[in-house]
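Here is the structure we will look at, set down as structure tokens.
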Amino acid sequence: MAAGVPPDALGRRISCGTDYGTVRYVGSVSRTAGIWLGVEWDDPQRGKHDGSYEGTQYFKCRHPRGGSFIRPNKANFGVDFLTAVKDRYGLSDKQDVQCGTGNTVVFGTKTVEFVGMDSVAEQQRQVQLNKLVDISVRECAVSHAGQEEEISRTCANMRHINLSKNLISSWETVIAIASQVQNLETLNVSENKMRFPSASTFISSAFSNLKILALNQTEITWTEVLLCAQRWPVLEELYLSSNNITVLERPENVLQNLKLLDLSDNQLLDGNQLHLIAQLPRLEQLILRNTGISSIHFPDAGFGCKTKMFPSLKRLAINDNKISQWSSINELDKLPSLRALQCNNNPFMDTEKNPETLLQLIIAKISQLEVLNNCEILPAERRGAELDYRKIFGNDWLEAGGHWNPEKNKPSEEFLAAHPRYSALCLKYGAPEEGELKGRQPLTLKNQLLTLTIKCPEKPEQKPVEKKLPESMTIQKVKGLLYRLFKIPGSELKLSYESSKLEGKEVELDNDLKPLQFYSIESGDCVLVRW
């Protein structure tokens, strides 16, 4: 092997300036002198070809222009873990006081000799390294563990390690580092494209106390996750975003303590893949942002029933997906523990142009939801949403066989499938009365808009805001809008209005369930907000 090229260079991760890549070839290239490294670059724009030169294929690349040849002296093969730690935290030999030769220190023009100076400095470094609990060596070109047991002797108290975006080429390197850290709880090895074991051949207690593990952008597959997870007995949080995971498998006797799973930015084959991880008993948070799912279905439970899947799931993120049908939102009401949902940027949200109505529909459809798109749902807001839902779809309910008389109330299966909570809302608030439903405009029709000025008398520095609101908008909905506008809890708001027709008089908007038109508000009037 040529000078400067490690004997295990093939398959190693390297950096060259700000670019990262993997060595795919070591050797000569026709009609050139010396040794070359054939590199497949992480960023294909850094490359020039597919690993072939003048008709000879030296190595293969996934991208047709993702490879190139460089000289070995241009490649950085990285450093060991402790070297990176010492450099990052200013504890390396070269960062000591200005030294002369041997055990001497230079003070101005005088050179003073100290017997045992080297050993004292080394002891001080040792003490400082042993104090480190939370260590970050992100982008420090770490490629290997270093001498055996050196880490355990030097950094005995480490608990949290950030090894992201380094030059780690294999999971064995991670094990070699972690096995020397007795109480390791948090480990981030994201942005290291590495090889993972294909069979359960390794036995290690390196991760016996590990609770949080980040493996984002490491090219790990779900099969490899389950294989490695045999050594993660108490793991609680697992981050796996951007790994091209498309197919899931059922975890058997692994990940049973997992509370958080992040699969974002992996294009899953379909929503049914989720059924394979639905029996994780302690899973409380599932992040599925931008996973390509278009539907969610829990086939084990009927209308108004709870599923046995995801028994502990409290927080779900499904934003930036392809969910186009409201039926998937109906399905979420089957989750027995769901309390928080993120669902922005899905096609189903385009079916309703009024953002307030959209949020109210979601709130009404999912009975136990407490937080929607990072906003708390206040009790009064839920009540208003459920009452409005009951009115909006009241005529549809009647046409489908619904009736005020419980003995005659037999809505069709089709209606129940579209509105599985409607019967429960009727039990909670009573069936909608005929007077409530008369003249109800369809959601798709534009109600007459009122142009209103909104002021906060108690905050004179707050500039008046002009808003166009439907005259049929309830006071509760107005409060919800103002809550988001002024960042104050809707339940604490007190609203009134002034009109040019009622000089010197304020009219209180004191009934949350009444629409604006009930109070004879007109365009040009001023709504006053107090709390």
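The values are calculated or read from the model by the stated rules, or taken from the named source; none is laboratory data. Computed from a predicted structure; not experimentally measured. Here the Cβ is made from the backbone with ideal geometry for all residues, glycine too, and neighbour counts use every protein chain on show. These accessible areas exclude ligands, DNA and RNA; they are computed on the full protein's heavy atoms, side chains included. Shrake-Rupley method; radii C 1.70, N 1.55, O 1.52, S 1.80 Å.
Modelled spin-label separation between THR186 and ASN395, with each label point placed 7 Å from Cα along the Cα-to-Cβ direction: 5.6 nm. Shape of the range 12-74 from its Cα gyration tensor (a ≥ b ≥ c, root eigenvalues): rounded if a/c is under 1.5, otherwise prolate when a/b > b/c, or oblate? Oblate shape, in that a/c is at least 1.5 and b/c is the bigger or equal ratio. DSSP assigns beta bridges within the chain; of those with both partners inside it, close to 55 percent run antiparallel. The gain in end-to-end length when the LYS514 to GLU376 segment is fully stretched comes to 47.4 nm, 0.36 nm per residue minus the alpha carbon separation. Heavy-atom surface analysis with a 1.4 Å probe gives the range 449-530 a carbon and sulfur content of 48 percent of its accessible area. Size descriptor for the range 380-436, Kirkwood hydrodynamic radius: 11.3 Å (Cα pairs only, one decimal). Quick one: accessible surface of TRP232, probe radius 1.4 Å, all protein chains present, in square angstrom to the nearest 10. Counting only protein heavy atoms, the figure is 0 Å². Close amide H partners of ILE454, meaning residues 5 or more places away or on another chain with modelled amide H under 5 Å apart, are VAL465, GLU466, LYS467, VAL527. For the listed peptides 69-75, 493-499, a ranking on the average number of other beta carbons within 10 Å per residue, highest first, reads 493-499, 69-75. Estimated from the Cβ-Cβ distance and a Förster radius of 45 angstrom, the FRET efficiency linking TYR429 and LEU276 is about 0.70. Taking the 1.4 Å solvent-accessible surface of the range 387-430 as the whole, the part contributed by carbon and sulfur is 52%.
Taking amide hydrogens as placed 1.01 Å from N in the peptide plane, the amide H of TYR20 sits under 5 Å from those of ASP42, ASP43, each at least 5 positions away in sequence or on another chain.
Computed with a 1.4 Å probe over protein heavy atoms only, the accessible surface of the range 164-226 comes to 37 Å² per residue. For LYS514, the accessible surface of its heavy atoms amounts to roughly 70 Å² (probe 1.4 Å, protein chains only, rounded to the nearest 10). Listed cross-link partners LYS479/LYS514; LYS322/LYS391; LYS306/LYS428; LYS428/LYS479; LYS391/LYS505 are compared with a 21 Å cut-off, the Cα-Cα value being larger for LYS322/LYS391; LYS428/LYS479; LYS391/LYS505. Note on the range 208-261: Cα-only Rg and Dmax are 10.4, 29 Å.
In terms of its C-alpha gyration tensor, the range 449-530 has a rounded overall shape, because the principal axis ratio a/c (a ≥ b ≥ c, square roots of the eigenvalues) stays below 1.5. Pairwise alpha-carbon distances in the chain exceed 39 Å for 49% of all pairs. The base-10 log of I(q)/I(0) for the range 204-352, evaluated at q = 0.09, 0.13, 0.16 Å⁻¹, reads -0.27, -0.56, -0.85 [Debye formula, identical scatterers on Cα atoms, solvent excluded].
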